[in-house]
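A short write-up of the structure that comes next.
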Amino acid sequence: MPIHLSSTFAQKSPGVLYNKFDYTRGGNPTVDALEKCLASLDCAKHGMVFSSGCAAITAIVSILKSGDVVVVGDDVYGGTNRLLNKIFSKFGMTVRMVDFSNPNWKDSLDEKVKMIIIETPTNPTLKVFDIQSITAISKSKNIITVVDNTFATAYLQSPILLGADAVLNSCTKYIGGHSDCIGGVITTNCNELKDRIRFNLLSMGGCMSPFDAYIFLRSLKTMKIRVIQHCKNARVIAEYLDSHPKVDRVIYPGLKSHPHHEIAKKQMRDFGGMITIFLKGGFKEANTFLKSVKIFTLAESLGGVESLIECPAQMTHMSVPPEQRKILGIDDSLVRLSVGIEDVGDLIKDLDQAFDQIK
Ligand SMILES: *Cc1c(COP(=O)(O)O)cnc(C)c1O
């Protein structure tokens, strides 16, 4: 697909277009190709791409109005949390944060709740929620269910087939896969929902640039083999970490010890590339470990071909209030790994030498 850099398109006669494009904020051939490709990967009819995952969330939440309530997981992505609690709250919308693994979450539902946003697996504690059983409840109450599928990707999980009204992804992560581009996408089968989100995209202006659309189209050609390799490496590393004397606990949905392993087996095709561990010790041990890795890069973000490692309490989840972090179990000994596609032997050797630095 060529990169169509034009911001505007010549018209045949006033208001009569040569093809469906008139102005790139509202549509562009390169962007359109990416939208079609991402929709088909999610088994959806419609796809809409945005300048970032956060722009996508902004557009979909903006279909609501003052007085409406959004229900989200208590460990929802920090940017989503900030958007809902600091921006949308100013316009009269309210957020209720729940733990979807506790059946009591249903008590949060009343006639004011218009949207549920689910992430599964979650960040960074990798909880897995049964999408089908949540959408069964929301459907019966006419609540729109959005699944943020960023951690799983379309290759591992198909929320639309499990009843979700819309699927959201930060393209920045596994879709891009090379840590070099920011973008977001929403897919849906519902025509009305598509019209309302498309209207917000056009009006609010969070559109994706044609160059970035080209980069994501190119990345998608290898997403399947990248994700297969991420999963393969992550499984080996999770098992290695699970038996390491300096690791207190490993959270990986593919391990039988994971409390939601059976749900993960049921709704995911494999278990993903994200691993969370609790090191024995605390701040000092974690800092030594994180400073000592050489192949893993100490950085935020995830989903790239290169392995990343981070400490959420001091990095990605700094903005989550300490009391909330405590409830979620995000302490100084928690380390999150985004396992890349490098040689797994090299990755394990790297972790091994970093563990040796912890005295
Ligand atoms: C990164 C991320 C986002 C936000 O996406 P950006 O592209 O950074 O704006 C949303 N949800 C999840 C789960 C993410 O990991």
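Can you tell me which condition residue 253 does not meet? The list is (1) open to solvent by 60 Å² or more (accessible area, probe 1.4 Å); (2) part of a loop (DSSP other than H, G, I, E, B), and all the others hold.
It is condition (1) that residue 253 fails.
Taking residue 31 as meeting all but one of (1) open to solvent by 20 Å² or more (accessible area, probe 1.4 Å); (2) over 20 Å from the mean Cα position of the chain (by Cα), write down the number of the exception.
In the conditions (1) open to solvent by 20 Å² or more (accessible area, probe 1.4 Å); (2) over 20 Å from the mean Cα position of the chain (by Cα), residue 31 misses (1) alone.
Only one residue in 51, 40 is within 23 Å of residue 151 (Cα to Cα), of a type in the set (Ser, Thr, Tyr) and more than 16 Å from the ligand (Cβ to nearest atom). Which one?
Of 51, 40, the one residue that is within 23 Å of residue 151 (Cα to Cα), of a type in the set (Ser, Thr, Tyr) and more than 16 Å from the ligand (Cβ to nearest atom) is 40.
Taking residue 278 as the residue in question, decide whether it is among the aromatic types (Phe, Trp, Tyr), at pLDDT 95 or above and in a helix (DSSP H, G or I).
Values: among the aromatic types (Phe, Trp, Tyr): yes; at pLDDT 95 or above: yes; in a helix (DSSP H, G or I): no.
No.
Under 7 Å between Cβ atoms, at least 6 apart or on separate chains: pull out the pairs that start in region 18-40 with a residue that is part of a helix (DSSP H, G or I) and end on any residue that is among the hydroxyl-bearing types (Ser, Thr, Tyr) and open to solvent by less than 20 Å² (accessible area, probe 1.4 Å).
Listed pairs, sorted by first residue: 38/187; 39/187.
Taking region 303-315 as the region of interest, how many residues are open to solvent by 10 Å² or more (accessible area, probe 1.4 Å), within 16 Å of the ligand (Cβ to nearest atom), at pLDDT 95 or above and assigned to a loop (DSSP other than H, G, I, E, B)? Talk me through it step by step, then tell me what you get.
Start the filter on region 303-315 by keeping residues that are open to solvent by 10 Å² or more (accessible area, probe 1.4 Å), which leaves 305-306, 308, 314-315.
Filter once more, so that each one left must be within 16 Å of the ligand (Cβ to nearest atom): 308, 315.
Within this subset, residues satisfying the condition of being at pLDDT 95 or above are 308.
Cutting the leftovers down to assigned to a loop (DSSP other than H, G, I, E, B) gives us none.
Going through region 303-315 one residue at a time, the tally reaches 0.
Checking residue 114 against (1) open to solvent by less than 20 Å² (accessible area, probe 1.4 Å); (2) away from the ligand (no atom under 16 Å from the Cβ), which single condition isn't satisfied?
(1)
Where residues in region 239-290 are aromatic (Phe, Trp, Tyr) and over 17 Å from residue 312 (Cβ atoms), which of them is nearest to the chain's Cα centre (by Cα)?
Ranking the candidates gives 271 first.
Just one of (1) on the phi < 0 side of the Ramachandran plot; (2) open to solvent by less than 10 Å² (accessible area, probe 1.4 Å); (3) under 21 Å from the mean Cα position of the chain (by Cα) trips up residue 221, so point out which.
Answer for residue 221: the failing condition is (2).
Determine which single condition residue 91 fails, assuming it passes every other condition in (1) of a type outside the set (D, E, K, R); (2) more than 15 Å from the ligand (Cβ to nearest atom); (3) open to solvent by less than 50 Å² (accessible area, probe 1.4 Å).
Result: residue 91 passes all but (3).
Just to be sure before I move on: is residue 99 of a type in the set (Asp, Glu) and within 14 Å of the ligand (Cβ to nearest atom) in the structure I sent? Give the steps one after another, and end with the answer.
Working: of a type in the set (Asp, Glu): yes; within 14 Å of the ligand (Cβ to nearest atom): no.
Criteria not met by residue 99.
Go through region 197-237 and report how many residues are without any contact (Cβ under 8 Å) to a residue 24 or more places away in the chain and polar (S, T, N, Q).
Qualifying residue count for the region: 1.
Do we have any residue at all in region 42-56 that's in a loop (DSSP other than H, G, I, E, B), open to solvent by 10 Å² or more (accessible area, probe 1.4 Å), in contact with a helix residue (DSSP H, G or I) (Cβ under 7 Å, 6 or more places away or on another chain) and hydrophobic (A, V, I, L, M, F, W, C)?
yes
When only residues in region 170-188 that are within 6 Å of the ligand (Cβ to nearest atom) and of a type in the set (S, T, N, Q) count, which is farthest from residue 222 (Cα to Cα)?
As a first pass, look at region 170-188 and keep what is within 6 Å of the ligand (Cβ to nearest atom): 170, 172-173, 182, 184.
Then keep just the ones that are of a type in the set (S, T, N, Q); that gives 170, 172.
Values: 170: 17, 172: 15 Å.
Checked region 170-188; the qualifying residue farthest from residue 222 (Cα to Cα) is 170.
If you check 128, 146, 69, which single one turns out to be away from the ligand (no atom under 16 Å from the Cβ) and open to solvent by less than 20 Å² (accessible area, probe 1.4 Å)?
69
Is it the case, given these coordinates, that residue 86 is assigned by TED's automatic domain parsing to the domain that holds residue 188, within 16 Å of the ligand (Cβ to nearest atom) and surrounded by fewer than 13 Cβ atoms within 10 Å (Cβ to Cβ)?
Numbers: assigned by TED's automatic domain parsing to the domain that holds residue 188: yes; within 16 Å of the ligand (Cβ to nearest atom): yes; surrounded by fewer than 13 Cβ atoms within 10 Å (Cβ to Cβ): yes.
For residue 86, the condition - assigned by TED's automatic domain parsing to the domain that holds residue 188, within 16 Å of the ligand (Cβ to nearest atom) and surrounded by fewer than 13 Cβ atoms within 10 Å (Cβ to Cβ) - is met.
Hey, can you tell me all the residues within region 153-169 that are under 19 Å from residue 192 (Cα atoms) and either among the polar types (S, T, N, Q) or within 16 Å of the ligand (Cβ to nearest atom) (or both)? Spell out the reasoning first.
Step one: list which residues in region 153-169 are under 19 Å from residue 192 (Cα atoms), which gives 159-161, 163-168.
Listed by number, the residues that qualify are 159, 164, 166, 167, 168.
The values are calculated or read from the model by the stated rules, or taken from the named source; none is laboratory data. Quick caveat: nothing in here was measured; it's all calculated off a predicted structure. All Cβ positions, even for glycine, are placed from backbone atoms using ideal geometry, and neighbour counts span all protein chains on display. In case anyone asks, the SASA skips ligands and DNA or RNA and just uses the protein heavy atoms, side chains included. Shrake-Rupley method; radii C 1.70, N 1.55, O 1.52, S 1.80 Å.
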